[in-house]
Structures are given as C-alpha cells and as structure tokens.
Amino acid sequence: MNTAFITGITGQDGAYLAKFLLEKNYRVIGMIRRSASSDVIGERLRWLGVLDHVELVDGNLTDLSSLIRLLGQYKPDEVYNFAAQSFVATSWQQPLVTGTVTGMGAANMLEALRIAHPVGRFYQASSSEMFGKIQAAAQSETTPFYPRSPYAAAKLYAHWMTVNYRESFGLYASSGILFNHESPLRGIEFVTRRITDGVARIKLGLADHLTLGNLGARRDWGHARDYVKAMWLMLQQDVPDDYVIATGHDATVQEFCNLAFGHVGLDASAYIRVDSARLRPAEVDVLRGDPAKANNALHWHAETPLPALVAEMVEADLVRHGRAR
Ligand code: NDP
Ligand code: GDP
C-alpha cells in the first residue's frame, strides 16, 4: 500500500485528492494546523465522504520541526504540498504571512524532505498567477513569469525552490502550474463560489443582488476533480518535471455570471452590482493555459466543460441554502 502525505488536506484540492488516492487504495495522511474550530475543519472531507478514511496529524508549514518529524515518522511515497495562504486579494492585506506560508512554507517542506525522507516524491502546488502580466497569449511551461501580487511572488519563490532542490539535491520534485480550478468545495471568497453562492441565495429569496469587482477579467477555469488526477500522474512519471494544467479555454467573470444566473432562469444583468472597492491594486487581466505538454506526456485532458462546472456549483449551493432555510 502506498502512503501519501498531504499538506492543506482541509482545502478544496486536499479533499478531492484524498478521495482520489483512497480510491486507489493509498494510505492518506493529512496534515492539519491546530485550530479552535477543529469540529468543522474537516467539512470538505466530510462532504466527499472521506473524513473517516484519512489520518489527520498535527503540523504547520511554518514549523520546520513539525514537518521533519512527520515526514520522518510516516516516510510517505508521495508528498503533496497544497498548504498556502491561497487567496490573491488577501495577499495584499497580509503580504508577510503570505510570503511565510506560501513561499517559505514550501522551502520548509523541501528542507524537511531533504533531511528526513529524501526518497519521497514531492509535488508543489504552483499557480498560473505566476504568469500575471502575461508574456504570451497562451501560457506554457516556457512562458516567462511576471507575478502581479504578493501571492504570485511567493508562489514563484516556491516554484523555483522546487526546481532548485530537484537540480541541487536530486530530489524527485515536480511543480504543477495549475490554472484556476473550481468545484462546489471552492473557498467562498473566490469569484466562482461567490457567484454561485450569490445566485443560489437570490434564487431562494435570501438576497436581492450580488456585488462583484472586475467583470472583464478572464480566467481558464477547470474542475478540481479533474486536476487532482493530473497531480498524481505527475508523480508517476520516471523523472520529475513541471507541467501546466489547464483547459486551454478562457471566459470572463461576466460570462461565468451569465452561465450561473442562466442555470436558474435568471438574467444576470438584473442582479449584479459592481463595487470599485473590490478591484485589486494590480490585476491579472487574462490567463489561458496551453496544456499540450500534459496532454502529450501525461495523457491528461480536462474533462469538465465550463457550463457543467457552473451547473454543479450552483446546484450544490442551492442544496446548501435550501437546507439552511
Ligand atoms: P485552499 O485555500 O482551499 O486550501 C489551503 C489549505 O492550506 C487549507 O487546508 C489550509 O488549512 C492550509 N494551510 C494554510 N496555512 C497553513 C499552514 N500555515 N500550515 C498548514 N496548513 C495551512 O486551497 P486550494 O485547495 O484551492 O489550493 C491548493 C493549493 O493549490 C494552494 O497552495 C493554492 O495556492 C494552489 N493553487 C490553487 C489553484 C486553484 O485554482 N484552486 C490554482 C493554482 C494553485 P485551513 O483549513 O486550516 O485554513
Ligand atoms: P484568482 O485568479 O486566484 O485571483 O481567483 P479569484 O477567483 O479570486 O479571482 C478571479 C478574478 O475575478 C480576478 O481577476 C478578480 O479581480 C475577479 N473578480 C471580480 N469580482 C470579484 C470578487 O468579488 N471576488 C473575487 N475573489 N474576485 C473577483
């Protein structure tokens, strides 16, 4: 039986990856940080029906000693580093926390692996935000980076540390440069969940409008369920490498809204209000990935079209709010 160690298991990707690996008969160890809300922290794992099948252990990405101890104790075959301050907008409010967790945290993981368990295979959750002010119409593994937020700068450091530890110490360390991926388990602060949650509340009569920021931003949105499979495939290759994971298609925030409101038979224009306070100090206007390398080398393809993703998210939020009524 293979053992996987996941940091950030309580987040969206952690939950989907845990389910995916359990179905492959892995032993799944998930690291959680101490929280006063430990009774609700496993909500996403519970939603997917896997909470009772993972082993949750106490650690923190900012505490190197906890990482060394855990990796030395469990000696996992595969290590997935998802833990991060992952919200771009918050990274301007808390740039130092973002640097410490999202950037330095990855370095801590690499150091812990090098010290305690250098044969473990390592996956780093890198981000399309590293492309920021894009230098090519479709971004691939060879497109230059241009980060536009403290989050993106921290992820860039983590990405290059992953490459560097591979080249310096021969660690099996791969970096997945993932474009936005969503699901019913996406954090409520991200624009897609904000929209589907808002649509559900409006449809159920719990709200009468939805406030957003830049409706013209374009993103390449895929489904988290599809994307965790790509992460696993990366760690099954003979040699570690870096891969862009994306659908290859982009849409605007407005278009996402149209799909979400349309799904429940409402006209988006009647409900959306724009608040300039929601605009960012520096925006990433457009992201669209070129997943050709992953398509060819991993035989991976995004499977969920945007309308199906939106429909699944809206339906899940209708259920959540329907229950709450
Ligand atoms: P989430 O924000 O849903 O999850 C982040 C996880 O990190 C949570 O489990 C959180 O724990 C944990 N965490 C935060 N700080 C610490 C810490 N100091 N020590 C230990 N754990 C910590 O992220 P996603 O699942 O959406 O994304 C997974 C990773 O992929 C992230 O690194 C993200 O930046 C990256 N990524 C995501 C993309 C996306 O579109 N989803 C795109 C590209 C990259 P807690 O529950 O306690 O808060
Ligand atoms: P990001 O790509 O990781 O920053 O993911 P987000 O979902 O947070 O944001 C995607 C895009 O939606 C960005 O260009 C935001 O500026 C834009 N956006 C517009 N309105 C909102 C909003 O109300 N909340 C968020 N989170 N993003 C918004």
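Table for the structure above
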read-out: Residue-normalised accessible area of segment 168-255, expressed per residue, 1.4 Å probe, Å²; value: 32 Å²
read-out: Peptides 314-320, 287-293, 233-239 ordered by average Cβ neighbours within 10 Å, highest first; value: 287-293, 314-320, 233-239
read-out: Most to least packed among 52-58, 37-43, 211-217, 183-189 [average Cβ atoms within 10 Å]; value: 183-189, 211-217, 52-58, 37-43
read-out: Neighbour net charge for Ser66 - beta-carbon separation under 13 angstrom, K R +1, D E -1; value: 0
read-out: Among Ala311, Val284, Thr247 the positive-end extreme of the charge dipole of segment 236-325 (Cβ point charges); value: Ala311
read-out: Rounded percent of accessible protein surface that carbon and sulfur make up, segment 158-215, 1.4 Å probe; value: 49 percent
read-out: Helical contribution to [θ] at 222 nm, DSSP H n ≥ 4, -39,500 (n - 2.57), averaged over the chain, rounded to 500; value: -11500 deg cm²/dmol
read-out: Relative contact order %, the chain, counting alpha carbon pairs below 8 Å whose residues are six or more apart; value: 17 percent
read-out: Diffusion constant of segment 174-325 at 10 °C, which comes from Stokes-Einstein with the Kirkwood Cα-pair radius and 1.306 mPa s, µm²/s; value: 97 µm²/s
read-out: Cα-based convex hull volume of segment 94-154 per residue, rounded to whole Å³; value: 83 Å³
read-out: Distance histogram in 10 Å bins (all Cα pairs of segment 32-137, percent per bin); value: 13, 37, 36, 12, 2
read-out: Burial order of peptide ranges 166-179, 197-210, 262-275 (average beta-carbon count within 10 Å, highest first); value: 166-179, 197-210, 262-275
read-out: Over 21 Å [Cα-Cα, segment 84-206], rounded percent; value: 48 percent
read-out: Column: log10 I(q)/I(0), Debye, Cα scatterers of the chain, q = 0.07, 0.09, 0.11, 0.13 Å⁻¹; value: -0.27, -0.45, -0.68, -0.96
read-out: Partner aspartates and glutamates for Lys293 [C-alpha distance under 13 Å; skip if fewer than 8 residues away on the same chain]; value: Glu141, Asp241, Asp242
read-out: Nearest-20 debye value, the chain charge dipole, Cβ charges on Lys, Arg, Asp, Glu; value: 480 debye
read-out: Positive-end extreme of charge dipole, segment 160-234 - chosen from Phe179, Met161, Leu206 (charges on Cβ); value: Leu206
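The values are calculated or read from the model by the stated rules, or taken from the named source; none is laboratory data. What you see is a predicted model; the values in this text were computed from it and never measured. Here the Cβ is made from the backbone with ideal geometry for all residues, glycine too, and neighbour counts use every protein chain on show. Accessible surface areas use protein heavy atoms only, side chains included; no ligands, DNA or RNA. Shrake-Rupley method; radii C 1.70, N 1.55, O 1.52, S 1.80 Å.
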